[in-house]
Amino acid sequence: SVHQIRAKGSYIKGTNGNSNGLVPMLRVFNDTARYVDQGGGKRKGSIAVYLEPWHPDIFDFLDLRKNHGKEEMRARDLFYALWTPDLFMERVEANAEWTLMCPNECPGLHKTYGDEFRELYLRYEQEGRGRKTVKAREVWDAVISSQIETGTPYMLYKDACNKKSNQKNLGTIRSSNLCTEILEYTSDDEVAVCNLASIALPKFVDIESREFDHQKLFDVTYHATGNLNRVIDRNYYPVPEAENSNMRHRPIGLGVQGLADTLAMLKMPFESEAARALNREIFETIYFAACTASKDEAITDGAYSSFQGSPASEGILQFDMWGVTEHSGRWDWDSLKAEIADYGMRNSLLLAPMPTASTSQILGNNECFEAFTSNLYVRRTLSGEFVVINKHLVRDLIERGMWSLKLKDKILLNKGSIQSIEEIPEDTKELYKTTWEIKQRSIIDMAADRGVYIDQSQSLNIHMTDANAAKVTTMHFYGWRQGLKTGMYYLRTKSAADAIQFTVDEAVKNSDTASNGESESMSKLAERAEDQVMADIICSLDSQDDCLSCGS
């Protein structure tokens, strides 16, 4: 976070000069990120920079990633995020004024949240200590403009992140991480570190009975929690501050991959009430299992050192901070809370659903909790390009006797969508809607539903067709009112996600029928689709840097 860095023009007492502000400093960070890489240039360094919207350099900050403008005012290799207080959202909603304040002249704003922040900010306004007063919507318009053009800044809500944190007894959390799912306290002698693992949800589906095995999910989560505790104990820490944080607070971050695959296997459309209920119940199970395992570890090894004074030590778990009292009835929360009060917990934080952009490929799952981006697309790796098709869709169409080369080409022609292909039944179309065809309100609702059981945050991408200021603004305010911590990771726009079309036979465009000679056998096509997926996954021992597992 750079909230505490004084603004451009701020007086420097030691040299009797004036500060150049954030931009020159961030350009140095930008060049550092370009210099530091893995595998000889194969994976560049990445830095996320968080700023609160009261900083006077906010407008320059929001332009740093844009494609046009003076080169000396750009730093396009960094990733930018807003750490947004509720007061700013309220001022935007009311079309009120917003005062920009230099942290050197108005100290303490970045160290406070909630009522304490509000009182301090209003006092500085009354004392006339602000650098400049603008319309809140002027800042907001600059935010939306940047998001539509570049997909960033990420949007996180400072007050929700702090008010709903089990680390609130430590101090104010000032930022998240590169993927917006980690919310951990840092200080002068602590660098927050999180130890992550993702759980492959399709492994818990019984295809024959179309049931999800929550008990098995509990068992796997329980063991994963124990394993991550071993990681904390035995890890190598490059700096002592990282070890200090990990040993004192022992945060872990459990996530998922393949939620979309799971719903497809269970024949639950992403927007259905059944899918929404399962999404919530899955995360309830993971949170209950992680809390149980952490409590049992505390019985053996003791509670983490900063447990006393935390919400959990007072019988307050994540869903209590959301005001939620109703659960699935599958798990005994009251008994678990009583045991936590007696024995403590081994970990301060437990859940942090991450993007799984690379690791999900190892098992051939869709990313994290996201809907399918497309039913047919191209995956580019260091080994080349591979056509990937939705294996669940292929299986369903084979079962219906519909799969053919002609149909594959039609899906290509429709950029991975099946909604306008007449011969595909409506129930199949509903099941395989892409994220572009799903209401983003439903995506946000599901994020809020599972957020009740997520004690850190989640990497929530928003996909929007024909994005404009009104649509993006409506989306942000809906997510904020729902109580999300991460309101948005990336804003994905339609043009950025179109499936690449290879050469499609012109006959597909002009004819509704194809000759028998143009079609492959259904079983051969299914095998070929599976081979294309596996070609991207299999490890090459000759080039381990190319392997998602060995080279991560």
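Taken together, the values in this text are just the output of simple stated rules run on the coordinates, not laboratory data. Just so we're clear, the structure is a prediction, and the values are computed from it rather than from any experiment. Using ideal geometry, Cβ is built from the backbone for each residue, glycine included, and neighbour counts are taken over all protein chains shown.
Taking Cα atoms only, the orientation of helix 522-535 departs from the longest principal axis of the chain by about 30 degrees. When the listed pairs 111/158; 391/429; 42/494 are checked against a 19 Å cut-off, the alpha-carbon distance exceeds it for 42/494. Looking at the chain alone, DSSP beta bridges between its own residues are antiparallel in about 50 percent of cases. Only Cα pairs under 8 Å and 6+ residues apart enter the sum, and on that basis the relative contact order of the chain stands at 15 percent. The charge dipole of the chain, taken about its Cα centre with unit charges on the Cβ of Lys, Arg, Asp and Glu (plus for the first two, minus for the last two), comes to roughly 1460 debye. How far is helix 240-249 tilted, in degrees, relative to the longest principal axis of the Cα atoms in the chain, given as a value from 0 to 90 rounded to the nearest 10? The two axes meet at around 80 degrees. As a rough guide to protection, the peptides 393-406, 246-259, 339-352 ranked by mean Cβ packing within 10 Å, highest first, stand as 246-259, 339-352, 393-406.
Given a Förster distance of 25 angstrom, what is the FRET efficiency for residue 482 paired with residue 90, based on the Cβ-Cβ distance and rounded to 0.05? Efficiency at R0 = 25 Å is approximately 0.95. Dividing the summed helix terms, -39500 (n - 2.57) for each DSSP H run of n ≥ 4, by the number of residues in the chain produces a 222 nm estimate of -12000 deg cm²/dmol to the nearest 500.
Taking label positions 7 Å along the Cα-Cβ direction at both residue 145 and residue 470, the computed distance is 2.0 nm, reported to one decimal.
Taking the Cα centre of the range 11-152 as the origin and placing charges on Cβ (Lys, Arg +1; Asp, Glu -1), which of 139, 62, 32 is farthest toward the positive end of the dipole? Going by the Cα projections, it comes out as 32. Can you match Rg/Rh (Cα atoms, Kirkwood Rh) to one of these, [x] 1.00; [y] 0.98; [z] 1.15, based on a calculation from the structure here? Step by step, Rg/Rh (Cα atoms, Kirkwood Rh) for this structure corresponds to label [y].
Inter-part distance, the range 255-270 to the range 139-209, computed on C-alpha centroids, equals 23 Å. Cα centroid separation, the range 1-65 to the range 271-347: 38 Å. Straight Cα distances below 17 angstrom link residue 70 to the aspartates and glutamates 31, 57, 60, 149, with same-chain residues fewer than 8 positions distant left out.
In the chain, the longest principal axis of the Cα atoms and the axis of helix 333-343 are about 50 degrees apart. Peptide packing: for 11-19, 359-367, the average count of neighbouring Cβ atoms within 10 Å per residue gives the ranking 359-367, 11-19, highest mean first. FRET efficiency for the residue 341 to residue 247 pair, using the beta carbon distance and R₀ = 30 Å, is estimated at 0.80. Placing a label point 7 Å from the Cα of residue 234 along the Cα-to-Cβ direction, the residues of the range 282-296 whose backbone N falls under 19 Å from that point are 294. Subtracting the Cα-Cα distance of residue 330 and residue 378 from their residue separation scaled by 0.36 nm leaves 13.2 nm.
By other beta-carbon atoms within 10 Å, ranking 280, 43 with the fewest at the front produces 43, 280.
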